[in-house]
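The values are calculated or read from the model by the stated rules, or taken from the named source; none is laboratory data. Bear in mind that the values here come from a model prediction, so they are computed numbers and not experimental data. Every residue, glycine as well, gets a Cβ built from its backbone with ideal geometry; the counts of neighbours run over all protein chains shown. Areas reflect the complete protein model, heavy atoms only, side chains present, ligands, DNA and RNA absent. Shrake-Rupley method; radii C 1.70, N 1.55, O 1.52, S 1.80 Å.
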Amino acid sequence: MSTKHSIAAEKFQENRELASWHDQTLWMVRAKRDKISKEVPEWEKLRDMSCAIKQYSNSHLDLLLQEFEKNAIANGAHVYWAKDADEYCSIIHHILEGHHVKHFIKSKSMLAEECGLNEYLEEKGIEVVESDLGERILQLMHKRPSHIVMPAIHIKKEEIGELFVKEMGTEPGNNDQTYLTHAARKNLRHKFIEAEAAMTGANFAVASTGECVVCTNEGNADMGTSQPKLQITAFGMEKIVPDRDALGVFTRLLARSGTGQPITTYTSHYRKPRKGGELHIIIVDNGRSQILADPDHVKTLNCLRCGACMNTCPVYRRSGGYSYTYFIPGPIGINLGMLKAPLHYYDNVSACSLCHSCQNVCPAKVDLADQIYRWRQKLHGLGVASSSKKYLSGGMKMLMEHPHLFNLALKSAPIANALPHWMVYNGLNDWGKEHEMPEFAKESFNEMWKNNKVK
């Protein structure tokens with residue numbers, strides 16, 4: 001049975017050059033992660049500490065969040081609580097409306113993507129400008145991110161060059177990365193200057209100090225918040241960490257895991273409003289408390305949003321971020337989508353080889369593959385399990401429970417193996433429908449066969 005993911009993945013693979021480039025680029029980032037992690041002798045100890053701190057924080061959210069609120073207010077910030085996406089968007093609009101803001105600039109925030117903030121504000125007549133370069137490119141293309149750290153990783157420079165000719169008046173045919181980056185920088189500089197308010201997300205929120213920590217490589221968050229006097233910061237409540245000692249563990253893991261860097265170029269701490277300005281902080285639930293109550297999937301809240309699971313996933317690398325129906329793709333997206341609305345996002349569960357590579361590289365030791373396996377076991381109860389796979393599994397169960405049938409199958413195997421390929425793999429039987437080789441793979445397979453690389 002084809003799924004939305006498998007259909008979209010096959011379409012992604014039609015552009016063989018782009019698919020290969022996508023795969024190799026992400027694997028390069030994974031290799032950088034491996035190299036730099038080996039330079040830290042206590043790497044696995046840090047992962048253990050990260051997991052333990054997250055589990056402590058998640059089990060003490062009530063106390064830590066109240067401590068954060070108390071300290072943030074003492075620092076001069078305004079603190080709000082949003083139970084869901086609607087309340088989050090409404091609070092931000094209320095703040096902007098109260099200050100007559102028409103030009104709003106923001107740094108990358110997956111929480112804003114999750115809650116549909118840009119669309120909400122634009123409908124209210126407020127211009128929203130993404131200041132992260134990848135996000136800005138996607139905004140101008142009217143597309144969503146395909147990766148949580150490298151949102152435009154699937155777009156080649158030639159396509160960006162054509163976009164910038166139209167949007168920024170750059171030289172046609174000049175696709176030099178440095179030239180395009182300078183053009184985007186010049187274009188954004190005007191947006192920074194005219195912005196009446198700026199917003200950031202937060203990679204971490206420190207309970208003991210009431211400060212928010214934002215990690216970027218472009219400095220766009222700092223550029224955005226340095227000019228307007230109105231600053232908004234919003235984060236999901238699982239971003240809370242107890243103190244700066246705990247923060248130090250996560251900052252040593254985050255960039256190394258996500259991009260293979262020792263640390264992000266900019267790690268900015270927002271604690272107090274600037275002189276004569278205002279700092280508004282929004283703490284968002286939007287389903288996180290429900291995850292907290294789910295013992296099978298609570299470790300999803302450990303996620304640092306580093307993207308390491310995507311960089312290593314053999315399915316994501318070869319199928320692209322848009323093949324997933326949830327706005328966050330890859331292994332973490334599969335789990336978050338199922339926690340959000342299982343009947344809507346169940347087709348993503350099949351987009352996993354259960355190789356456990358995601359689980360092995362996660363800096364906070366989220367049991368990603370184990371959770372995906374658990375979701376697969378729940379598909380029958382949800383009424384969305386593949387009927388052909390159920391029959392196949394039932395047949396295998398009978399075979400394994402009856403030794404004489406198993407032995408008979410072993411004796412019959414040579415006969416089945418001698419059958420022509422087309423008799424087994426064809427669209428007339430369930431096995432063929434589920435397992436026949438996709439068109440995009442046949443060419444490579446036939447070439448390898450000719451070169452005696454496949455026996």
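Is there a residue being over 21 Å from the mean Cα position of the chain (by Cα), more than 30 Å from CYS51 (Cα to Cα) and of a type in the set (D, E, K, R) anywhere in region 226-239? Yes. Can you give me the number of residues within region 62-78 that are surrounded by 19 or more Cβ atoms within 10 Å (Cβ to Cβ) and either touching a Lys or Arg at 6+ places or on another chain (Cβ under 9 Å) or modelled with pLDDT under 95 (or both)? Total satisfying the criteria: 2. Checked against the criteria, ALA152 counts as outside any helix (DSSP H, G or I), within 27 Å of the chain's Cα centre (by Cα) and buried (at least 17 other Cβ atoms within 10 Å of the Cβ). Applying the set (1) part of a loop (DSSP other than H, G, I, E, B); (2) crowded, with 23+ Cβ neighbours inside 10 Å to THR325 leaves exactly one unmet item: (2). Taking the criterion of being open to solvent by 20 Å² or more (accessible area, probe 1.4 Å) and either without any contact (Cβ under 8 Å) to a residue 24 or more places away in the chain or not small (Gly, Ala, Ser) (or both), the residues of region 272-285 that qualify are LYS272, PRO273, ARG274, LYS275, GLU278, ASP285. Residues that are open to solvent by 80 Å² or more (accessible area, probe 1.4 Å), modelled with pLDDT under 95 and small (Gly, Ala, Ser) occur at least once in region 1-23.
Of the residues making up region 294-305, one or more are aliphatic (A, V, I, L, M), in contact with a Ser or Thr (Cβ under 8 Å, 6 or more places away or on another chain) and not in a helix (DSSP H, G or I). Taking region 194-226 as the range and being assigned to a loop (DSSP other than H, G, I, E, B) and closer than 19 Å to GLY76 by Cβ as the test, the residues that pass are ALA202, ALA207, SER208, THR209, GLY210.
Would you point out which residue out of LYS166, LYS191 is assigned to a helix (DSSP H, G or I), touching a strand residue (DSSP E or B) at 6+ places or on another chain (Cβ under 6 Å) and not assigned by TED's automatic domain parsing to the domain that holds ASP62? Reasoning before the result, please.
Values: LYS166 fails: touching a strand residue (DSSP E or B) at 6+ places or on another chain (Cβ under 6 Å).
Step by step, each of LYS166, LYS191 is checked, and only LYS191 is assigned to a helix (DSSP H, G or I), touching a strand residue (DSSP E or B) at 6+ places or on another chain (Cβ under 6 Å) and not assigned by TED's automatic domain parsing to the domain that holds ASP62.
Only residues that are open to solvent by 60 Å² or more (accessible area, probe 1.4 Å) and under 16 Å from ASP48 (Cα atoms) were counted across region 366-387, and they come to 0.
Of the residues making up region 307-314, one or more are more than 30 Å from TYR56 (Cβ to Cβ), assigned to a helix (DSSP H, G or I) and open to solvent by 20 Å² or more (accessible area, probe 1.4 Å). Any residue at all in region 287-304 that is among the acidic types (Asp, Glu) and either surrounded by 19 or more Cβ atoms within 10 Å (Cβ to Cβ) or within 22 Å of ALA364 (Cα to Cα) (or both)? Within region 287-304, one or more residues are among the acidic types (Asp, Glu) and either surrounded by 19 or more Cβ atoms within 10 Å (Cβ to Cβ) or within 22 Å of ALA364 (Cα to Cα) (or both). Condition check for GLN177 on (1) surrounded by fewer than 23 Cβ atoms within 10 Å (Cβ to Cβ); (2) under 27 Å from THR312 (Cα atoms); (3) assigned by TED's automatic domain parsing to the domain that holds ALA74: one failure, at (3). Taken together, the residues in region 328-342 that are in contact with a helix residue (DSSP H, G or I) (Cβ under 7 Å, 6 or more places away or on another chain) and either of a type in the set (A, V, I, L, M, F, W, C) or open to solvent by 10 Å² or more (accessible area, probe 1.4 Å) (or both) amount to 7.
Could you list, in sequence order, the residues of region 257-271 that are open to solvent by less than 40 Å² (accessible area, probe 1.4 Å), among the hydroxyl-bearing types (Ser, Thr, Tyr) and assigned to a loop (DSSP other than H, G, I, E, B)? Passing the criteria: THR259, THR264. Pairs are defined by a Cβ separation below 9 Å, a sequence spacing of at least 6 or placement on different chains, a first member in region 332-345 that is more than 12 Å from GLY287 (Cβ to Cβ) and of a type in the set (S, T, N, Q), and a second member that is part of a helix (DSSP H, G or I) and modelled with pLDDT under 95; no pair meets this definition. Among the residues of region 217-242, write down those that are closer than 18 Å to CYS303 by Cβ and among the small types (Gly, Ala, Ser). Hits for region 217-242 are ALA234, GLY236. Filtering region 231-253 to residues that are open to solvent by 10 Å² or more (accessible area, probe 1.4 Å) and closer than 21 Å to TYR88 by Cβ leaves GLN231, MET237, LYS239.
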